[in-house]
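The values are calculated or read from the model by the stated rules, or taken from the named source; none is laboratory data. The structure displayed is predicted, hence computed values, not measured ones. Note that each Cβ is placed from the backbone with ideal geometry, even for glycine, and that neighbours are counted across all protein chains shown.
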Amino acid sequence: MGHPNVPLSNKQARAHRNKQISSRLQPYTPNDNLNNALGAIRVLGVELIEDELKPHLITVLANIKEKKKGAAEQVVISGILPILALSLRSRGPLTLLTAKLVAELAKESVVRKGFGDAGLVTALLSVLTSTNEELLINAARAISRMSYDSSKQQELLLRRGVVPRLVAILLRFPDKEVLEEVCLMALCNLSGMAVAEEAGMIWERGVPVRPGECVFHGISPHTCGFASSVTLVRVSQWGPGQYMISIEDFQRCSSSFWNLHGNKRTVHWFPFFSLGNCSNMFKVIKFSTRNIPRTKSLKTRVFHTFL
C-alpha cells in the first residue's frame, strides 16, 4: 500500500523516471555471438579451413551489415584484420566472402584505419588482378569506401599503385555496368572528390573525342530542384600501355533555373560550367614513387599511369 497523501499518478511517474535512469546506467554488454565468431576466426584463421571458418565469417558480416552496436569496435579489438588479409591473398574458397566482409568493414572509419597495418591494402590490390567479376566488385567497393574523404588512405593507395589496376579493369570489362560503376567511384574518391554511395550517381559512357579514349559521365540527382553535379572521367591512351586519367567536376543547372533567372543571365553564364577556376586533377606514377616530387601533393595532378 502506498502513502494515502501521494497520488497514484505521481508514484507511477517517479517509478518510470527511476526505470529510465536505471536503464541508462546499465553497462554495455558485448555481443557474445559476435565475440565467439571473432574468437574462432582468430584461432582457426591461419589454416583457412572453409567448413570451420565460413559460418563465423557470415556471423561477423551479418553483424556489421546490421550495424549492431559496438560490432565495429569488437572487430578492431579482436585482431582478425591480418587474417582477412591472408584470406584475400590466398584466393581460396573463402576469398569472395572475405572480400564482402572487408567491403562492409570499409564503411566503418574505426576499422578501416587499421587496414594498412593489417596488410589489407596490399591484399585488396592483389585481388584487383582477379578475373572473378564479383570479387573485383567487392574489392573495388572496399577501396572506394576506404578512400572516401580520407587523404591518408588516398595517398597510401595511390603510392601502392591502385590506379593502374582500376584502369585495367575498366579496359578489360567494358560491358559490366556494376563493375564499371564501382571502379569509377573508387577513382573519384581517390581523387579526393568524396562521392558518397548515397548520392545515387548514375554513370553512362560518353562519346570519345580521340582514338584510344574512354569517357564516362557521372550524374547526380538534382539538388534544390535546379542544379545537379556532373563528374567527367576521361581515360586517354598516350602510347602502348600508357594512359592519362583526368577527373573533372561540373555543375549543371536545369532549364527552369535559367527561365527563372533569364533576365540576369550574361555571356559568362552557361548551363554547364565549372565549379571553380580549375578542375580537380590528379597524377600518380606506378613504377616509382621517387618520380613524385616530395614538395608537391599528389592531389594537384592528373593520374598518369602505366599498365
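Scanning the range 162-212 for residues that are in contact with an Asp or Glu (Cβ under 8 Å, 6 or more places away or on another chain), under 24 Å from THR129 (Cα atoms) and either loosely packed, with under 14 Cβ neighbours inside 10 Å or of a type in the set (Lys, Arg) (or both) yields PRO174, LYS176. When the range 19-33 is limited to residues that are outside any helix (DSSP H, G or I) and more than 29 Å from the chain's Cα centre (by Cα), the one that is modelled with the lowest pLDDT turns out to be GLN26.
For the range 125-155, enumerate the residues that are of a type in the set (A, V, I, L, M, F, W, C) and under 26 Å from SER236 (Cβ atoms). Once the filter is applied, which keeps residues that are of a type in the set (A, V, I, L, M, F, W, C) and under 26 Å from SER236 (Cβ atoms), the range 125-155 yields LEU125, LEU128, LEU136, ILE137, ALA139, ALA140, ILE143. If the condition is being within 25 Å of SER126 (Cα to Cα) and charged (D, E, K, R), then the range 59-91 contributes LYS65, ARG89, ARG91.
Yes or no, residue by residue, for (1) touching a residue at least 60 places away in the same chain (Cβ under 8 Å); (2) over 20 Å from THR122 (Cβ atoms); (3) under 17 Å from the mean Cα position of the chain (by Cα):
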{"residue": "ASP149", "(1), (2), (3)": "no, yes, yes"}
{"residue": "LEU170", "(1), (2), (3)": "yes, yes, no"}
{"residue": "ASP175", "(1), (2), (3)": "no, yes, no"}
{"residue": "MET185", "(1), (2), (3)": "no, yes, yes"}
{"residue": "ALA196", "(1), (2), (3)": "no, yes, yes"}
{"residue": "GLY200", "(1), (2), (3)": "no, yes, yes"}
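Taking residues in the range 48-67 that are within 23 Å of ARG89 (Cβ to Cβ) and touching a residue at least 40 places away in the same chain (Cβ under 8 Å), and partners anywhere that are of a type in the set (Lys, Arg) and surrounded by 13 or more Cβ atoms within 10 Å (Cβ to Cβ), the pairs with Cβ atoms closer than 7 Å and at least 6 places apart or on different chains are LEU61/LYS100.
Do you know which of the residues in the range 151-161 that are in a helix (DSSP H, G or I) and without any contact (Cβ under 8 Å) to a residue 40 or more places away in the chain is surrounded by the fewest Cβ atoms within 10 Å (Cβ to Cβ)? Looking at residues that are in a helix (DSSP H, G or I) and without any contact (Cβ under 8 Å) to a residue 40 or more places away in the chain, I get LYS152. What tally of residues in the range 199-231 results from selecting those that are at pLDDT below 85 and closer than 18 Å to PRO174 by Cα? Summing the residues that are at pLDDT below 85 and closer than 18 Å to PRO174 by Cα in the range 199-231 gives 4. Just one residue in the set ASN63, ASN36 is in contact with a helix residue (DSSP H, G or I) (Cβ under 6 Å, 6 or more places away or on another chain) and either exposed (fewer than 14 other Cβ atoms within 10 Å of the Cβ) or at pLDDT 90 or above (or both); that residue is ASN63.
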